[in-house]
Structure formats: structure tokens, C-alpha cells
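Only one structure is covered here, and it is reproduced in the block below.
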Amino acid sequence: MRCKLCAWRCLIADGKLGHCAVRKNIGGVLYSLNYYKVCSANVDPIEKKPLFHFQPGSKSFSISTPGCNFQCEFCQNWHISQQAMEKGTLEGEAVAPNQIVESAVRTGCKSISYTYTEPTIFMELCADCAAPAKERGLSNVFVSNGYQTREAIDFAKDWLDAINVDLKAFNEDYYRRLCKARLQPVLDTISYIAKETNIWQEITTLLVPGENDSEDELKRLAEWLVANAGADVPWHISRFYPQYKYLDSEPTPVESLERAYNIGKAAGLRYVYVGNMPGSRLENTFCYKCGKMLIERVGYKINANRIKDSSCPDCGTKIAGKW
Ligand code: SF4
């Protein structure tokens, strides 16, 4: 069996698992072993995904199942993402899609986020939640490493409303060494979503000191984003804290984050944000034309939102997003 969900495109013999260790060929049928294994369910602010230009100030019912198709050395959710690959176990509860949707409605959420681990590899559960979620007026959100195939994006694009894609670095060596994956499929995903779908997209880059934070690399990354995803795509530059196997590093210095912010703006990105640094003024949304503050944030909390009719109330400039 050939699995077409992600860029690994695993060829899986009868009785064997794919690279993610959660999909198995049993007698010529490809099974999703994590379908009835929901391992996290939380009510999160949508800002935590992070999505800053999509239903700001709303709550998102956030779920995951174990497994991932990456093996990032600094994964903050490694105990659930790496469980299948490292231990061969899949711990979780059998929760039916309708129950997930009901919980989202009951808790006052406006969306369901498929997050914490890689949603592409629990795509069947996402799809089965998405249809009843739409019927109840909820949006569907992916927080993803962007390793989907085009077939997978095409499968999801009619029910997927927003996605945050991790663009972890702009060099292949980083992806190979620290994530056991490749950069090019992620670039293909970002470009395809921007050009061929109506899915609202934001990008996150975790800045790891000495690994992906050189001026040259960040400049090339930001310029690539402008050329391939457009100047309106929000870029979140996130502060790194030592995690999992990657412990011999300091948290990202504040000056590096501010330097990356300036590089993004100089490249022409209209909305650049610094994350994991609550209280920084670089968490706020500014009008790219007149420079006035439009959304004031502290961490995941919104103090003020002045956007009116999707526009800046001072100069009338349209602000991209799904407000
Ligand atoms: S989801 Fe990706 S890693 Fe998992 S079996 Fe399919 S192609 Fe392989």
C-alpha cells in the first residue's frame, strides 16, 4: 500500500507500519491506528495556535491523538508526538467525532483545532469531526508541520478554514539533522495553500540560537514568504526554550527575536509577531499603512481590538484575515 497523506509517501508492506508508526497495512487495507485514541482535549485561546488574524479573542476546542511524522529534537509535546515511534504505544480515549463537536459547542468555542501533534496523520478523525462541526457553525483549524501532500490538502481544503504552518528553518540541513525530515515539501505546502486554496494561513518559526537565526537565512526565509505566500501572511517568530533532547542551549535572546522581526518587516511582510515573550509590543497588530495599533495583546489575551469592517478605523486600509 502507498500512503499519500504526507511527503514520506510510505510504501507499506502487509502487516507493517508507515514511518509515523500510526498507520498500518492490514491485509491490503490501510488503517489509522490512532483514530480512537484522543490524548488531549483543551479549550485554548485561538491566539495560542498561534492564529492572530482568525477569529481573534475566540476559544478553540483543541484535540490531538498520539504520533507524528517528524522527530524534532526540541519537541515540546514529545511525550505524545513520539510515543508511537519510541515506545510503540498509542495511549488515548475512544471519543466519537460527534462528542468532540458537542464538547466544542458546550464550552463556547468557535472552532476545533487539530493540534499538539501532527493533524495530517489523524486526518480521518479531523474529517469526521469537520462535517458536523460545520453544521454547528464551527470552524476547523490545523496546527501543522506542513508536510502534507497536495492530495491531502485537496482532501481537506473544503472544510479546513485556517492553518498555522511551522516553517522551522530555511535550510535543508536543519530539517534533516534536527527534525529527521525535509524542507522542500513544507515550502511546497505553504505555496500551494496560498495560491490554490481559501484556507487562511499563518506561519511560525521557532528561533533556535545558532541553528536557524542567522541574518542571511532569516532574510531569505522572509523574502521567500513574500514571494510565495504574499505580504499579507502573518509570520510568528517564536522564542525557544530548551526541550526534550535539545537541552544544551539558552532560550532565544530577546535581541535575536527583535532582529528577526526587523528582517521580516524589511522584506515586506506586513504582519510580523514575536511569540513566547508576553508583554512585548511586538505581539500587537499594527496597520501596515498608517502604523496605528489595531489589536493590543498580552500573551494570549486581547486587551483591545480596533479593527472595523476588516479595516483600520484610522485610514481605512483593509487588514487581511478572517475577522
Ligand atoms: S502519514 Fe506519512 S509517515 Fe504516516 S504512513 Fe502515511 S506517508 Fe507514511
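The values are calculated or read from the model by the stated rules, or taken from the named source; none is laboratory data. As the structure is a prediction and not an experimental result, all values here were calculated from the model. Neighbour counts run over all protein chains shown; Cβ positions are idealised from the backbone, glycine included.
A search for C-beta distances below 7 Å between a residue of region 221-235 that is over 9 Å from Ile203 (Cβ atoms) and any residue that is of a type in the set (D, E, K, R) and assigned to a loop (DSSP other than H, G, I, E, B), counting only pairs 6+ apart in sequence or on different chains, returns Ala231/Arg270; Asp232/Arg270. The C-beta contact set for region 17-40 (first residue under 19 Å from Tyr114 (Cβ atoms), second residue acidic (Asp, Glu) and assigned to a loop (DSSP other than H, G, I, E, B), distance under 8 angstrom, 6+ apart or interchain) comprises Cys20/Glu118; Lys37/Glu91; Cys39/Glu91. For region 118-140, a residue qualifies if it is more than 12 Å from the ligand (Cβ to nearest atom) and under 20 Å from Phe70 (Cα atoms), and the qualifying residues are Leu125, Cys126. Would you check if there is a residue in region 163-170 being in a loop (DSSP other than H, G, I, E, B), under 27 Å from Gly57 (Cα atoms) and more than 16 Å from the ligand (Cβ to nearest atom)? Yes: one or more hits.
State which residue is surrounded by the fewest Cβ atoms within 10 Å (Cβ to Cβ) when the search covers only region 83-127 and only residues that are modelled with pLDDT of 95 or more and basic (Lys, Arg). Ranking the qualifying residues of region 83-127, first place goes to Arg106.
Among the residues of region 130-145, some residue qualifies, meaning at least one is surrounded by 21 or more Cβ atoms within 10 Å (Cβ to Cβ), more than 15 Å from the chain's Cα centre (by Cα) and in a helix (DSSP H, G or I).
The set of residues in region 46-79 that are among the hydroxyl-bearing types (Ser, Thr, Tyr) and in contact with an Asp or Glu (Cβ under 8 Å, 6 or more places away or on another chain) comprises Ser60, Ser62. Can you pull out the residues in region 237-249 that are buried (at least 17 other Cβ atoms within 10 Å of the Cβ) and more than 22 Å from Ile193 (Cβ to Cβ)? Arg239, Phe240 - these are the residues of region 237-249 that are buried (at least 17 other Cβ atoms within 10 Å of the Cβ) and more than 22 Å from Ile193 (Cβ to Cβ). Restricting region 1-56 to residues that are aromatic (Phe, Trp, Tyr) and either more than 9 Å from the ligand (Cβ to nearest atom) or within 30 Å of Trp323 (Cβ to Cβ) (or both) leaves a set whose member that is surrounded by the most Cβ atoms within 10 Å (Cβ to Cβ) is Phe54. Among all residues of region 281-296, there is at least one that is within 30 Å of Lys195 (Cα to Cα), among the hydroxyl-bearing types (Ser, Thr, Tyr) and either surrounded by 16 or more Cβ atoms within 10 Å (Cβ to Cβ) or under 21 Å from the mean Cα position of the chain (by Cα) (or both).
Before we move on, is Lys322 modelled with pLDDT of 95 or more and surrounded by fewer than 16 Cβ atoms within 10 Å (Cβ to Cβ)? Yes, satisfied.
Residues checked against (1) more than 22 Å from the chain's Cα centre (by Cα); (2) in contact (Cβ under 8 Å) with a residue 24 or more places away in the chain:
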| residue | (1), (2) |
| --- | --- |
| Gly67 | no, yes |
| Glu73 | no, yes |
| Gln76 | no, yes |
| His79 | no, no |
| Ala84 | no, yes |
| Lys87 | yes, no |
| Glu91 | yes, yes |
| Asn98 | yes, yes |
| Thr107 | yes, yes |
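Does region 67-81 include one or more residues that are buried (at least 16 other Cβ atoms within 10 Å of the Cβ), touching a Gly at 6+ places or on another chain (Cβ under 7 Å) and of a type in the set (A, V, I, L, M)? The answer is no; no qualifying residue exists. Evaluate the following for Leu90: is it of a type outside the set (S, T, N, Q), over 30 Å from Ser214 (Cα atoms) and either in contact with a helix residue (DSSP H, G or I) (Cβ under 9 Å, 6 or more places away or on another chain) or outside any strand (DSSP E or B) (or both)? Answer is yes for this residue. Residues of region 218-236 that are outside any helix (DSSP H, G or I), in contact with a helix residue (DSSP H, G or I) (Cβ under 7 Å, 6 or more places away or on another chain) and surrounded by fewer than 16 Cβ atoms within 10 Å (Cβ to Cβ): Gly230 alone.
Does Phe155 satisfy being surrounded by fewer than 21 Cβ atoms within 10 Å (Cβ to Cβ), aromatic (Phe, Trp, Tyr) and either within 16 Å of the ligand (Cβ to nearest atom) or under 15 Å from the mean Cα position of the chain (by Cα) (or both)? Yes: the conditions hold for Phe155. Take the residues in region 252-273 that are within 21 Å of the chain's Cα centre (by Cα) and either part of a loop (DSSP other than H, G, I, E, B) or aromatic (Phe, Trp, Tyr) (or both), then tell me which one is modelled with the lowest pLDDT. Per the stated criteria, the residue is Thr252.
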